[in-house]
1. Applying 1/(1 + (r/R0)^6) with R0 = 22 Å to the Cβ-Cβ distance of residue 113 and residue 143, what FRET efficiency is obtained, to the nearest 0.05?
2. In bins 5 Å wide, starting from 0, what share of all Cα pairs of region 18-115 does each bin hold, as a percent?
3. For the chain, which DSSP H helices look membrane-span-like by this rule: Cα extent along the axis of 18 Å or more and mean Kyte-Doolittle of at least 1.6?
4. Just to verify a number: FRET efficiency for residue 445 and residue 304, C-beta to C-beta distance, R0 = 30 Å, to 0.05?
5. Rounded to the nearest 10 Å², what accessible area does residue 389 have for a 1.4 Å probe in the complete protein model?
6. Output needed: Cys residues of the chain lacking any neighbouring Cys C-beta below 4.7 Å, sorted by number.
7. Let me check something: with ligands and nucleic acids excluded, how do 337, 284 order by accessible area (1.4 Å probe), largest to smallest?
8. How large is the accessible surface of residue 155 in square angstrom, using a 1.4 angstrom probe and rounding to the nearest 10?
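The values are calculated or read from the model by the stated rules, or taken from the named source; none is laboratory data. What you are looking at is a predicted structure, and each value in this text was computed from that prediction instead of being measured. Neighbour counts run over all protein chains shown; Cβ positions are idealised from the backbone, glycine included. Note: areas computed on protein heavy atoms with side chains; ligands, DNA, RNA excluded. Shrake-Rupley method; radii C 1.70, N 1.55, O 1.52, S 1.80 Å.
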Amino acid sequence: MHRLFLLVSLSLILAVAQPTWGQCVPTGGSPGGVGVDLIVGGIDGVVAYGSANGFAAFAVGSTACNIGTADVSWLSATPDHPVYTTNVYRLLNNRIELIGMSWVFHGFFPLQQNGCGCSCVLGPVGMLGVGCSNSHSAAITGQQAGLGPHVDVLDPALGLHTGVASLNPPITDLTSRRLRIADADLDPTLNVGAEYFVEVQYLHPDDAVAGNGLNNCSVRRATVQGAMPNLNLVGPTVLQEPAIRRWQAQVPGVVLSEGTVAGGGRVLLGVLTTDLGNGLWSYEYALYNQNADAATAFAVPGPASLQLSAVDYRAGQYHSGEPQDNVDWSFAQAAGELRWQVAAGSNSSLGWSNMANFRFVTNSVPSPATATVVVGSGAAAVTVQVATEAPAVSVPFLRRGDCNTDTSTNLADAIFLLGNLFPIGVANVLSCDDACDANDDGALNLADAIAILGSLFGAPPMPLPGPAACGPDPTSDGLGCVVGC
């Protein structure tokens, strides 16, 4: 106890007395901040341990870089050192999912290396100097006895943690506590065309206090090789960004927004909407909790008239005795929103460095909206608003070509439209512009009257929903419909 007190006291004295230097600009990254700024400067190697009970086990090496202006405290067995965790994501069929999580590794001694692309200014004993780096090999981070649960991190926004592993459940097989991925998620025959991304995130209390705690994730692409299987790292490490940004970078149409939680935490929400045809749209949301308190609910606006199918939920799986369970969140459609939340009686909140997917198919076109993320529970719950896309508040149904909205499409509709476009006296008033858009090109003009006449006398039929049906317009445009069918 006396030795621990002396080490902590020495750390505080050195932190106050140390000089400051200029910020480092790591190779391929952004400039460091003022004060302590610890990032993942490289994802460096993988050890594969094989499979057991349907899961493969890995460990990943990484390099920590101090790109700030002050030395980083690095005292083992105290709360004054960095911790880090590793995730693996799969990008398949335009969906990104978190398929593997490791327990938390506690840093124990800085090596004062020069792997950051900056000049290393050696720090005192027990501190990583400015511009210096420290490598953790995969062989070290894969030692099961040295890994602790995610709940070791008491406040991820502030980087506060217990200092030592707080739980020590039995090690039951080679996958315990390590980076664990279901064999099926790596099987090439089941995942044709999949891409994989390895993400490492560091937390340190001094880094967070300095206001530099949001650039602590880095990501690197990987391929799956061999029957064991193995993860083979390819390409450079993309510095200072979480894996969810790779979804936005590689899939056209992904909209990604950030939500800031009081106290410095951050969540990121991505959405991809896809026109499936026949008036149906797919909505795919990915909610990543970077360093906020555990999220317990997620909701987007959704009118009661929505017809929903394929409603689904998926999140990264805790394992090896962590106190969180993996019960799916419950879903409800009520009060003008679509809402998922932690199921009653479960402990499946979305902790830091975890991601959940929410998805459904519906009959409404997307429009700009605000999503709600609830962080924390009970009296401590905080609501975070994040920009996104969601089903339109109203879904007018129409009969294509029924310009005068008399429930049928005939010659009178073409005449009615012409009376609006070329009025003699008072123009005919359209109550459903979308229905008059007979060729579905998003504009009203003479071509629409011709399309109505053509469909009546043997020309190609009008686009969906057509004159014989009443349904939603499958095309998003600027035309409205006050009264449809």
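1. 0.60
2. 3, 10, 16, 19, 18, 14, 10, 6, 3, 1, 0
3. 2-17
4. Here the calculated transfer efficiency is 0.25.
5. 50 Å²
6. When partners are defined as cysteine Cβ atoms under 4.7 Å apart, the chain leaves 217 without one.
7. The most accessible residue leads, giving 337, 284.
8. 40 Å²
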